[in-house]
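We did not get these values from a lab; they are worked out from the coordinates using the rules stated. Fair warning: this is a prediction, and the values are worked out from it, not measured in the lab. Neighbour counts run over all protein chains shown; Cβ positions are idealised from the backbone, glycine included.
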Amino acid sequence: MSEQIEAPQPAPAGFWQAAAVDLAHCLRFYSRLPVPVLPYEQNAHPLPDFPRLVRVLPIAGLVLGLLPALALACAHFLALDSWLCAILAVAAATLTTGAFHEDGLADTADSFGGSTRERRLEIMRDSRIGSFGAAALFLTLLLRIAALAHVTALGGWTVGVLAVLTTAALSRTAGLMPLVFLPPARADGAAYAVGQPSREGFCLAAGLAGTIAVILGLIGHLPLSGIALMIVLSGLTGWGFIRLSARHLGGQTGDIAGATQQMAEVAAMLGLLTTLQP
């Protein structure tokens, strides 16, 4: 996010063309995927315009879940056990995003070493990882792998695949919540530069993410209580980070959004796990 990027470009004419461009911009911002330049794009690498991109973020999250889901499915067909399937899926997810969200989690955890708001924001800009950040990364990776491994062991590989896709959409939508409901903590950060999504736009995104979760749950015959818990717990995680960030920083940053996504993914997966019968 420190590299030079140009100002947002106007959306192309036509709803579907505009949505496709927004989706491409979302995928480029959130991942390392080689997204091709669309024929009607004026600029393939503008500064993300979050007030506009929010509407397609759940779809982008779903796309970002495809590679981890494929890794899990392939590992299953190679007769690997559920733990190895989960490790490969989480590794694929981390590679897909270039540890984008994990970096935000580590910076957020390290900021708890600061005694003042200014010092916390300074720590979050430091590229080095401290003991708090390293511990947070280790524990969160362990939670993600363990939860997915148990979901796969109890529900089968198809449930594991659908759980990966569902949490990918829900958690990234939850990651928007601090950006929507809090002002930027600083006026020169990335969160300020990309613009603040509207609450109306977020509600549309949340409705789309919930719809994706329900559809995938019905396809995989997941328990309705499990689908509901995934939606509720990911939303509660977002709400918790709103409260935390307001007290901790007096606003939000991109790192807070990344930390929210990581913890929302864990919460949603654990919610589903509690409803699966051994």
Under the rule rounded for a/c under 1.5, else prolate if a/b exceeds b/c, else oblate, using alpha carbon gyration tensor axes a ≥ b ≥ c, the stretch 168-278 is classed as prolate
The answer for the chain, counting only DSSP H helices whose Cα atoms cover 27 angstrom or more along the axis and whose Kyte-Doolittle average is 1.6 or greater, is 131-155, 199-219
Taking only Cα atoms and a 10 Å spring cutoff, compute GNM fluctuations for the chain and point out the largest among His150, His101, His221. His221
GNM on the chain, Cα springs under 10 Å; top mean-square fluctuation among Leu141, Leu208, Leu224 goes to Leu224
Along the charge dipole of the stretch 50-273, which of Leu142, His76, Ala206 sits closest to the positive end, that is, farthest toward it, with unit charges on the beta carbon of Lys, Arg, Asp and Glu (+1, +1, -1, -1)? Ala206
What is the magnitude of the charge dipole of the chain about its Cα centre, with +1 placed on the Cβ of each Lys and Arg, -1 on the Cβ of each Asp and Glu, and no other charges, expressed in debye to the nearest 20? 420
Take every Cα pair under 8 Å in the chain that's 6+ residues apart, average their separations, divide by the length, and report that relative contact order as a whole percent. 24
For Gln252, list long-range residues whose amide hydrogen, built 1.01 Å from N in the peptide plane, is under 5 Å from its own amide hydrogen. Ala185
Arrange Ser111, Ser82 by Cβ neighbour counts within 10 Å, fewest through most, would you? Ser82, Ser111
For the stretch 213-241 and the stretch 56-79, what is the separation of their C-alpha centers, rounded to whole Å? 17
